[in-house]
Amino acid sequence: MSNTILVGAQWGDEGKGKIIDFLTEKADLVVRSQGGNNAGHTVLIGESKFTLHLIPSGILRANKVCVIGNGVVIDPVSLVGEIEGLKTKKIKVTAKNLLISDCAHVVMPYHRLLDEARELAKGKNKIGTTKRGIGPAYGDKAARVGLRVSDLMEPDILTAKITKNVKENNKVLKAMGGKTVSLAKVLADYREAAAKLKPFVINTVVYLHEAIKAGKEILFEGAQGTFLDIDHGTYPYVTSSNTTAGGACTGSGVPPHRMDRVMGVMKAYTTRVGEGPFPTENQEISDMLHGMGREFGSTTGRARRCGWFDAVATRYAAMLNGIDDLAITNLDGLDGLDTIKVCTHYKLGRKLLEVPPSDVRLLEQCQPVYIELPGWKTSTEGAQKFSDLPEKARSYVQKLAELTGAKLAIASVGPRRDQTIVL
Ligand code: IMP
Ligand code: MG
């Protein structure tokens with residue numbers, strides 16, 4: 001029996017969906033513990049492409065139980081849409097394979113509008129959020145005025161709390177010059193979604209502890225990435241949850257000493273979507289990847305910013321998350337390059353830094369220090385075993401693992417299940 005936490009070691013979109021799908025083969029349960037439908041996990045099975053936002057990607061395999069834990073924020077209307085979308089693709093979603101925590105907080109339409117209004121008000125200092133209302137929903141949770149899933153399940157409480165909150169938030173929205181929400185519509189939509197979600201709702205903490213007692217294996221599916229963590233990321237250009245390994249404990253109710261392993265997922269280069277500092281950002285590599293039709297966001301469709309691999313960041317990610325094993329994805333994205341740069345340190349004034357400064361203003365002043373590695377100029381897409389990779393590609397990924405300070409366990413050379421090399 002072993003429980004694994006999977007985290008993104010960069011700024012999200014590391015290819016976690018695919019790696020989770022791969023690891024789920026051996027797990028019994030897959031648990032989401034933070035974030036909301038700001039996440040977009042893409043999994044390709046045969047010719048079918050699935051993009052999941054709230055439901056753990058484990059749902060795509062038979063006989064696995066998926067849990068949306070207490071630390072997640074749930075947009076119930078969007079979740080119902082996701083369940084129905086999976087059903088039309090012949091994926092079974094029942095109260096036997098999907099469980100929703102009664103303590104998870106609910107994303108409301110006014111959260112989405114506030115998210116938008118606050119971004120507009122920030123002007124050029126905007127965060128570049130997904131506008132899914134994630135920040136305002138976590139804000140209400142911390143302010144103790146949020147609705148939890150258990151509130152949605154009680155019609156009287158649902159009506160009372162939504163009425164109060166809509167009135168209050170409409171005042172704020174009006175003052176900000178934004179759109180307001182219709183109470184009648186919110187009540188109708190949320191009552192309908194609540195009735196549809198009711199069969200899935202339980203105390204997931206008790207469920208998970210019983211599963212652990214029964215010797216089941218759990219995979220904790222991280223969303224977003226280390227540098228979007230509300231505490232440890234490039235604040236304020238972050239999301240509003242703990243995306244680092246500790247978030248899996250608080251967001252699920254499974255204690256730290258029941259966790260056995262942390263796997264970090266990182267791309268063979270770096271991407272970021274949204275605003276905020278990105279020391280190794282590079283226009284040429286962005287153009288090259290976009291030209292290949294890659295690196296467009298799965299949630300918002302935005303073109304992602306791209307750059308060289310940043311080992312200063314991943315080294316810090318290995319420290320913060322306690323990463324044991326690494327999965328390096330998108331290696332095939334670099335197949336055409338003559339030489340590849342890798343950032344090993346930052347220069348800040350005259351100082352050489354091993355890990356990023358925590359203050360975003362200092363991070364903005366950091367200059368990347370690069371080493372250059374030779375490209376392999378061969379397609380890696382067909383590689384099945386590590387020895388199938390060109391020698392230069394093998395040295396490249398081993399170098400990334402060495403600089404990060406963790407053991408290379410998986411290399412991925414394409415979106416398909418069979419493009420996954422296990423070391
Ligand atoms: P929010 O989570 O929508 O509030 O957005 C805050 C920041 O996190 C923005 O820069 C988003 O682009 C980024 N972000 C949120 N979710 C994801 C994700 O799943 N992948 C990559 N970036 C994300
Ligand atoms: Mg994504």
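Here T239 fits the description: crowded, with 16+ Cβ neighbours inside 10 Å, hydroxyl-bearing (S, T, Y) and within 16 Å of ligand 2 (Cβ to nearest atom). When G301 is tested against (1) on the phi > 0 side of the Ramachandran plot; (2) away from ligand 2 (no atom under 16 Å from the Cβ), just one condition goes unmet, and that condition is (2). On the basis of being open to solvent by less than 10 Å² (accessible area, probe 1.4 Å) and within 16 Å of ligand 1 (Cβ to nearest atom), does G12 make the cut? So G12 fits the description; yes. The single condition among (1) open to solvent by less than 30 Å² (accessible area, probe 1.4 Å); (2) out of contact with any Pro (no Cβ under 7 Å at 6 or more places or on another chain) that V422 does not meet is (1).
Consider only pairs whose beta carbons are under 8 Å apart and that are at least six residues apart or on different chains; among these, list those whose first residue lies in the range 194-211 and is over 9 Å from I100 (Cβ atoms) and whose second residue is among the charged types (D, E, K, R). What qualifies is N203/D102; A211/D28. Number of residues in the range 43-70 that are away from ligand 1 (no atom under 16 Å from the Cβ) and either buried (at least 19 other Cβ atoms within 10 Å of the Cβ) or on the phi < 0 side of the Ramachandran plot (or both): the value is 16. Just one of the listed residues (G264, G225) is open to solvent by less than 10 Å² (accessible area, probe 1.4 Å), within 16 Å of ligand 1 (Cβ to nearest atom) and more than 25 Å from D75 (Cβ to Cβ), and it is G264. Restricting attention to the range 131-161, the residues that are under 27 Å from the mean Cα position of the chain (by Cα) and either outside any helix (DSSP H, G or I) or within 16 Å of ligand 2 (Cβ to nearest atom) (or both) total 10.
In this structure, is L6 assigned to a strand (DSSP E or B), of a type outside the set (V, I, T) and either within 13 Å of ligand 2 (Cβ to nearest atom) or within 14 Å of the chain's Cα centre (by Cα) (or both)? For L6, the condition - assigned to a strand (DSSP E or B), of a type outside the set (V, I, T) and either within 13 Å of ligand 2 (Cβ to nearest atom) or within 14 Å of the chain's Cα centre (by Cα) (or both) - is met.
Restricting attention to the range 50-76, the residues that are part of a strand (DSSP E or B) and in contact (Cβ under 8 Å) with a residue 60 or more places away in the chain add up to 6. When the residues of the range 285-306 are filtered to those that are assigned to a loop (DSSP other than H, G, I, E, B) and open to solvent by 60 Å² or more (accessible area, probe 1.4 Å), the one that is farthest from Q224 (Cα to Cα) is M292. Given the structure, is G81 of a type outside the set (A, V, I, L, M), at pLDDT below 95 and not in a strand (DSSP E or B)? So G81 fails the test. Scanning the range 236-246 finds one or more residues that are away from ligand 1 (no atom under 12 Å from the Cβ) and among the polar types (S, T, N, Q). Residues of the range 23-42 that are within 16 Å of ligand 2 (Cβ to nearest atom) and surrounded by fewer than 23 Cβ atoms within 10 Å (Cβ to Cβ): G40, T42.
Being in contact with a Lys or Arg (Cβ under 7 Å, 6 or more places away or on another chain) and at negative phi is the filter here, so list the residues in the range 318-334 that pass it.
D324, D325, L326, T329, G333
Strands (runs of 3 or more DSSP E) fully within the range 215-284 that include at least 3 residues being of a type in the set (A, V, I, L, M, F, W, C): 218-221, 261-267.
Only one of the numbered conditions (1) under 21 Å from S252 (Cβ atoms); (2) modelled with pLDDT under 95; (3) within 16 Å of the chain's Cα centre (by Cα) is not met by I59, and that is (3).
The values are calculated or read from the model by the stated rules, or taken from the named source; none is laboratory data. Quick caveat: nothing in here was measured; it's all calculated off a predicted structure. Neighbour counts are summed over all protein chains in view; Cβ atoms, including those assigned to glycine, are modelled from backbone coordinates with ideal geometry. We work out accessible area using only protein heavy atoms, side chains counted, and drop any ligands, DNA or RNA first. Shrake-Rupley method; radii C 1.70, N 1.55, O 1.52, S 1.80 Å.
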